[in-house]
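Following: one structure in structure tokens, then a few remarks.
The values are calculated or read from the model by the stated rules, or taken from the named source; none is laboratory data. Because the structure is predicted, anything quoted here is derived from the model rather than measured. Cβ: placed from backbone, ideal geometry, glycine included. Neighbour counts: every protein chain shown.
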Amino acid sequence: MTDIIYLIVEIASIVAGSALFTEALIRALSRLVRRAGAHAGLARSIREVFTLIWITLAGIIILSITGIASEFSFLTISGIVGLTASLALQNTLSNIISGVLLLSDGVLRLNDSVEYSGVKGVVVKIGLRATWVKTDHGDIAIISNNYLVNGPLVNHTATQRLERKLHF
């Protein structure tokens, strides 16, 4: 009987602890997104992604603790799932991480005048996967965040804001 109570307390602790950690991470990223002036849907997307990750990890840990999943099959299945997911989502995850880096570094904000690879215009949307730039000709250029992080991006609007970050 005490083993069952201990198991229930352990599972509840894992669920509560991981939920609190995930919620703190989501709030921090949401503040960062709002401060950067990004599209409101970006904060919602971040919340959904991290909630899905939290549920998956909590479920895997609970299955492991309860003994429902044997250690060998658990490791094998999680390895295969991890490899498959990482290969399938490699470009998407790269763009998402690049988007978070763009926002956290303060490199891009809405209404910034930017130039990238011959495209010159104003940032109208910063998404998880891509940034939308309205060109001087009125067209919308959708540029992957990964390209913006790795390429020569010129932000004409943010010169003073970014120069302040350079001074120690």
**Request:** May I ask you to list the residues in the range 136-148 that are crowded, with 18+ Cβ neighbours inside 10 Å and not in a strand (DSSP E or B)?
**Result:** ASN145, ASN146, LEU148
**Request:** Take ARG109 and decide whether it is surrounded by 12 or more Cβ atoms within 10 Å (Cβ to Cβ), of a type in the set (Lys, Arg) and modelled with pLDDT of 75 or more.
**Result:** yes
**Item:** Unique residue being at pLDDT 75 or above, loosely packed, with under 14 Cβ neighbours inside 10 Å and not hydroxyl-bearing (Ser, Thr, Tyr) when the list is ALA40, ALA28, ALA58
**Value:** ALA28
**Fill in**
Of those in the range 64-74 that are of a type in the set (A, V, I, L, M, F, W, C) and modelled with pLDDT under 70, the residue farthest from ILE8 (Cα to Cα) is PHE72
**Request:** Kindly provide the set of residues from the range 113-135 that are among the charged types (D, E, K, R) and either assigned to a strand (DSSP E or B) or crowded, with 19+ Cβ neighbours inside 10 Å (or both), ordered by number.
**Result:** GLU115, LYS120, LYS125, LYS134
**Message:** Against the definition (at pLDDT below 90 and either part of a strand (DSSP E or B) or not β-branched (Val, Ile, Thr) (or both)), how does GLU163 come out, yes or no?
**Reply:** yes
